[in-house]
Amino acid sequence: AQKITQTQPGMFVQEKEAVTLDCTYDTSDQSYGLFWYKQPSSGEMIFLIYQGSYDEQNATEGRYSLNFQKARKSANLVISASQLGDSAMYFCAMIQGGKLIFGQGTELSVKP
Amino acid sequence: NAGVTQTPKFQVLKTGQSMTLQCAQDMNHEYMSWYRQDPGMGLRLIHYSVGAGITDQGEVPNGYNVSRSTTEDFPLRLLSAAPSQTSVYFCASSSHSPGHSISGANVLTFGAGSRLTVL
């Protein structure tokens with residue numbers, strides 16, 4: 001079955017350091033899209049970044065970048081210069097069969 | 001612009017009771033969906049709709065019904081609540097359906113969530 005996997009239930013990072021959150025996916029589709037969302041403790045879902053399967057460049061949005069390795073089927077989120085406000089759950093998601101499917105999430109804690 | 005509005009925010013039900021979670025969006029979005037969030041399991045898709053009059057099942061549809069009579073509204077019905085349906089529910093919409101085209105226009109706008117407890 002097509003699916004999306006986040007293998008890190010929890011991560012710690014020191015403030016101002018960079019951190020990579022892993023996401024791997026399985027699909028037989030040639031055209032697909034990958035998304036990352038952030039969920040702070042307040043509960044809302046915040047869109048961070050999008051990568052299309054045919055995009056030649058890795059997506060970047062401010063301190064967020066997506067390390068897209070198509071052959072390895074991975075779409076890791078890189079957060080540079082971590083801030084205390086980055087502490088949250090992070091979800092990877094993928095378009096599969098006309099709908100958006102989410103991974104299990106990674107809880108990131110930023111230490112001062 | 002209100003975005004996606006979910007009601008109620010909190011609800012406690014007894015086993016066997018029925019209820020409807022309401023979801024409305026004012027962005028003229030084509031695609032609407034319902035997810036449930038449980039610890040360690042991420043967000044799982046319950047049902048989705050690509051337009052008025054069209055609905056389809058997601059990953060975990062059992063025990064839930066939906067309808068989409070208008071573009072704006074997408075209610076989720078629990079016909080006979082069970083403790084296994086205790087969860088946080090999110091409604092989400094996007095301007096374009098992922099089934100029609102794949103792009104950044106598929107970004108979901110989420111409601112604030114509804115916490116449901118079934119005793």
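The values are calculated or read from the model by the stated rules, or taken from the named source; none is laboratory data. All of these numbers come straight from a predicted model, not from anything done at the bench. We place every Cβ from the backbone using ideal geometry, glycine too, and count neighbours over all the protein chains shown.
What do you reckon, is B:G113 modelled with pLDDT of 95 or more, over 12 Å from the mean Cα position of the chain (by Cα) and not hydrophobic (A, V, I, L, M, F, W, C)?
No: the conditions fail for B:G113.
Which numbered condition in (1) within 13 Å of chain B (Cβ to nearest Cβ); (2) crowded, with 20+ Cβ neighbours inside 10 Å is the only one that A:A75 fails?
Answer for A:A75: the failing condition is (1).
List the strands (runs of 3 or more DSSP E) that sit entirely inside the stretch B:11-88 and contain at least 1 residues that are more than 19 Å from B:H100 (Cβ to Cβ) and more than 14 Å from every other protein chain (Cβ to nearest Cβ).
Hits in the stretch B:11-88: B:19-25, B:64-66, B:76-78.
Suppose we filter the stretch A:46-62 for residues that are under 13 Å from the mean Cα position of the chain (by Cα) and assigned to a loop (DSSP other than H, G, I, E, B); how many remain?
Here the count works out to 2.
Check whether at least one residue in the stretch B:105-117 is on the phi > 0 side of the Ramachandran plot, buried (at least 17 other Cβ atoms within 10 Å of the Cβ) and not in a strand (DSSP E or B), and report yes or no.
yes
Report yes if A:K38 is of a type outside the set (S, T, Y) and outside any strand (DSSP E or B), otherwise no.
no
Which one of these does B:D56 not meet: (1) buried (at least 16 other Cβ atoms within 10 Å of the Cβ); (2) in contact (Cβ under 8 Å) with a residue 24 or more places away in the chain?
(2)
What are the pairs, 6+ residues apart or on separate chains, where a residue within the stretch A:51-74 that is more than 16 Å from B:G104 (Cβ to Cβ) has its Cβ under 9 Å from a residue that is hydrophobic (A, V, I, L, M, F, W, C) and in a strand (DSSP E or B)?
A:R63/A:V78; A:R63/A:I79; A:N67/A:A75; A:N67/A:L77; A:N67/A:V78; A:Q69/A:A75; A:S74/A:F68
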